[in-house]
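First comes the structure, then the notes that go with it.
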Amino acid sequence: MTTIPVLRRGGTPAGATARQQPANRGVRNESRVTNTVLFIVLALFAVVMLAPLVWMFTTAIKTKTEVFALPPVLWPEVPQWDTFVRMWSEAPILSGFKNSFIVATTVTVVGSLTSAIAAFALAKMRLPGKNVIFLALLSGLMIPYPTIMIPQFVMFSRLHWVDTLLPLIVPLLFGNIIMIFFIRQYLESVPDSLIEAAKIDGASYLTIFFRMIMPMIRPAIAAQFILWFMTIWNDYLAPILYLNSPEKQTLQVVIANLNVEFATQRDYPLIMAASFVALLPIVIVFLIFQRQIIESVALTGTKG
């Protein structure tokens, strides 16, 4: 006699449903264990990344004696909050902030726009030899900066730009090769038919770029904007090469001079306070653009 399986609502045999429940429960348990392990690993990495920042902050509010105490003092008995006030009067921190902000903001805002336009031209416009131009730009990345540092300094000195912010701003206003490469590869996924349809409707290339392309590549620009802003803000070699006057120096040069001036006096709390405050603009820029960065990563992972 043939046994007819009892069907549950929906047409699934009762025995099959009973066998699936332990399997599903095992999958959920395995997923829970995996998530727990990943959370622990990521938490450990987060602690490792944040530990130097926390130590920098605690050192800034310690006394000079507590900085060199053994065993190390994790938190001072009486926090010296006046160190964050004292640094503004004992060093040109404010002028360094202003100069760094002018250089970083001007370069990243204008340079991001020119880089995006160049990437659009290399990706979607019919230019003769555009692939050769793109390869020439990429080959420029292989030239180390010290090889052009002296000729560039001689050129800017003849233009009387030494001890001004112009050598730090003007060369970078025309774009960033890495940013051009990243946005160009990002635009490869945009169908050419969209550009052709806009051209048939009478739109110019600038109209197509600002109204159609710019909203598409906004996450990519935001991600590269933060990386470029961080690079310019933390740059030390070019400012120390061109800037001589204390009121013209950027923040990184000012902090380096603090290290030379106050290291012999062992005023490390002042140095750490200035270094901690110098990190805040980068954190603020990241918080502003973090949604676009996450969107950029998500879109990159779903394309292709």
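The values are calculated or read from the model by the stated rules, or taken from the named source; none is laboratory data. For clarity, every value in this text was computed on a predicted model and none was experimentally measured. Don't worry about glycine lacking a Cβ; one is built from the backbone with ideal geometry, like all the others, and counts go over all protein chains shown. Quick note on the areas: whole protein, heavy atoms, side chains included, nothing else; ligands and nucleic acids left out. Shrake-Rupley method; radii C 1.70, N 1.55, O 1.52, S 1.80 Å.
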**Q.** Pair list, Cβ < 9 Å and 6+ apart or interchain, from the stretch 63-76 residues that are among the basic types (Lys, Arg) to residues that are surrounded by 10 or more Cβ atoms within 10 Å (Cβ to Cβ)
**A.** Lys64/Arg266; Lys64/Asp267; Lys64/Tyr268; Lys64/Pro269
Q. Right, Ile133: open to solvent by 60 Å² or more (accessible area, probe 1.4 Å), under 24 Å from Met212 (Cβ atoms) and not charged (D, E, K, R) or not?
A. yes
(Q) Quick check on the stretch 47-97: of everything there that is among the small types (Gly, Ala, Ser) and open to solvent by less than 90 Å² (accessible area, probe 1.4 Å), which residue is farthest from the chain's Cα centre (by Cα)? (A) Ala69
Q: Scan the stretch 137-151 for residues that are within 22 Å of Ala118 (Cα to Cα) and open to solvent by 60 Å² or more (accessible area, probe 1.4 Å) and jot them down.
A: Leu141, Met142, Ile143
Q: For residues that are open to solvent by 60 Å² or more (accessible area, probe 1.4 Å) and either among the charged types (D, E, K, R) or not in a helix (DSSP H, G or I) (or both), scanning just the stretch 98-128, find the one that is farthest from Leu280 (Cα to Cα).
A: Pro128
Q.
When you check Gly140 against the structure, is it closer than 20 Å to Trp233 by Cα and at pLDDT below 90, yes or no?
A. no
Q: Examine the stretch 267-279 for a residue that is open to solvent by 80 Å² or more (accessible area, probe 1.4 Å) and either of a type in the set (A, V, I, L, M, F, W, C) or at pLDDT 85 or above (or both), and state whether such a residue exists.
A: no
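Mind listing just one residue for me: the one in the stretch 231-247 that is within 23 Å of Leu280 (Cα to Cα) and touching a residue at least 60 places away in the same chain (Cβ under 8 Å) and, of those, most open to solvent (accessible area, probe 1.4 Å)?
Let us first name the residues in the stretch 231-247 that are within 23 Å of Leu280 (Cα to Cα), namely 231-240, 246-247.
This time we only want the ones that are touching a residue at least 60 places away in the same chain (Cβ under 8 Å), so: 232-233, 235, 237-239, 246-247.
Numbers: Ile232: 28, Trp233: 5, Asp235: 53, Leu237: 80, Ala238: 14, Pro239: 6, Pro246: 76, Glu247: 107 Å².
Only one residue tops the list, namely Glu247.
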**Q.** Residue check, Met149 farther than 21 Å from Asp192 by Cα, in a helix (DSSP H, G or I), free of Cβ contacts under 8 Å to residues at least 12 places away in the same chain and not basic (Lys, Arg)
**A.** no
**Q.** Test for Ile195: is it touching a helix residue (DSSP H, G or I) at 6+ places or on another chain (Cβ under 7 Å) and at pLDDT below 90
**A.** yes
Q. Going by the structure shown, is Leu168 assigned to a helix (DSSP H, G or I), of a type outside the set (Gly, Ala, Ser), open to solvent by less than 50 Å² (accessible area, probe 1.4 Å) and in contact with a helix residue (DSSP H, G or I) (Cβ under 8 Å, 6 or more places away or on another chain)?
A. yes
